[in-house]
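Reviewing the structure listed below.
The values are calculated or read from the model by the stated rules, or taken from the named source; none is laboratory data. Since this is a predicted model, take the numbers as computed values, not measurements. Positions of Cβ are backbone-derived with ideal geometry, glycine not excepted, and every protein chain shown enters the neighbour counts. Remember, those area values only see protein heavy atoms, side chains included, never the ligands or the DNA or RNA. Shrake-Rupley method; radii C 1.70, N 1.55, O 1.52, S 1.80 Å.
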Amino acid sequence: MSEIIAIANQKGGVGKTTTAINLAASLAVAEKRVLLIDIDPQANATTGLGFHRSDYEYNIYHVLIGRKRLSQVILETSLSTLHVAPSNIGLVGVEKEFYDNNTKGRELILKTKIEEIKDQYDYIIIDSPPALGSITINALSAANSVIIPIQCEFFALEGLAQLLNTVKLIKKTINPTLEIKGFLPTMYSTQNNLSKQVFADLKEHFKSKLFIDKESASYVVIPRNIKLAESPSFGKPIILYDVESPGSKAYQNLANSILVS
């Protein structure tokens, strides 16, 4: 049975999509069968794996509104064990359709769609939009766990209470198995005192929910890294763009910590 992990944070620019792409790729390189589901209308996870709108006709929007099955929109990537269910800007209209049509069980639509294919994968990674609307609710309702990227910069923890309350509410109501898999510090700079302070705050409040690299026994932290920032423009995960870069090694450590958990 597959493990379904949502990547969520209602704040934008925290490394959410970067984490979704590179965690999925790192798990795939570890010979796990991985599906990355892009349910962010910005479709950055889709383009970050080298796909453009002209490359596919149908996407996750057509799945959510019932026009296609999930298996019918899945695309193969340059990694044989990594597939992606692409997104499209048209997804912005799905929330309005859910509510205008008073769609029954709208919070569980993605969960229902995943049932068809989940046994084909070891891991399903869901990249959600930077908002706490019905699309993100669908991601959290479908997932076994959630990874919350936290940018190591000013206002990093702002709004976190709202997200944690949402996770708690979903766990209490429609997805009792949902757990916080961990908080992931991103864009960390050893030269920046603010980064160090944010990381210290995370250790103080969420020490048991930080990822640990078992080999070095150190916390997994995603650094600021030029190669990591460049790789999406080449349509490649960092592990295929520059496997020896600090960003690539950090995401491999994250994948390893998940594989042994």
Practice problem: For the range 51-199, with all protein chains present and a 1.4 Å probe, just round the carbon and sulfur fraction of the accessible area to a whole percent. | Solution: 50 percent
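Work out, in µm²/s and without decimals, the Stokes-Einstein translational diffusion coefficient of the range 69-220 at 4 °C, 1.567 mPa s, Rh from Kirkwood over C-alpha pairs.
Value of D from the Cα-based Kirkwood radius: 73 µm²/s.
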Exercise. Would you mind pulling out the separation of the Cα centroids of the range 117-168 and the range 1-73, in Å?
Key: 13 Å
Quiz item: How large is Rg over Rh for the range 131-170, taking Rg from the Cα atoms and Rh as the Kirkwood inverse mean of 1/r across Cα pairs?
Solution: 0.98
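How big is the Cα convex hull of the range 22-127 in projection, averaged over all directions, in nm²?
Averaging across all directions leaves 6.3 nm² for the Cα convex hull.
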Quiz item: How much mean residue ellipticity at 222 nm does the chain get from its helices, if each DSSP H run of length 4 or more adds -39500 (n - 2.57) and you divide by all residues, to the nearest 500 deg cm²/dmol?
Solution: -10500 deg cm²/dmol
Practice problem: For the range 78-152, calculate the relative contact order in percent as a whole number, restricting contacts to Cα pairs under 8 Å that are 6 or more residues apart. | Solution: 32 percent
Quiz prompt | Bridge type composition, the chain - antiparallel percent by DSSP, nearest 5 | solution = 15 percent
Quiz prompt | Most mobile of Glu57, Glu230, Glu31 in a GNM of the chain (Cα contacts under 10 Å) | solution = Glu57
Self-check item: Listed residues Ile226, Ile21, Ile65, most fluctuating in the chain (Gaussian network, C-alpha, under 10 Å)
Solution: Ile226
Exercise. Could you provide, to the nearest whole Å², the per residue accessible area of the chain with probe 1.4 Å?
Key: 46 Å²
Quiz item: Hey, got a sec? Which trypsin sites (Lys or Arg not before Pro) in the range 1-73 land in a DSSP loop and have at most 12 other Cβ atoms within 10 Å?
Solution: Arg67
Exercise. Report the relative contact order of the chain, percent, no decimals, based on alpha-carbon pairs under 8 angstrom and at least 6 residues apart.
Key: 26 percent
Exercise. Would you mind getting the Kirkwood hydrodynamic radius of the chain from its Cα pairs, rounded to one decimal in Å?
Key: 18.3 Å
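Going down the list Lys96/Lys203; Lys118/Lys249; Lys113/Lys196; Lys16/Lys113, which pairs span over 32 Å between their C-alpha atoms?
Over 32 Å apart, Cα to Cα: Lys96/Lys203; Lys113/Lys196.
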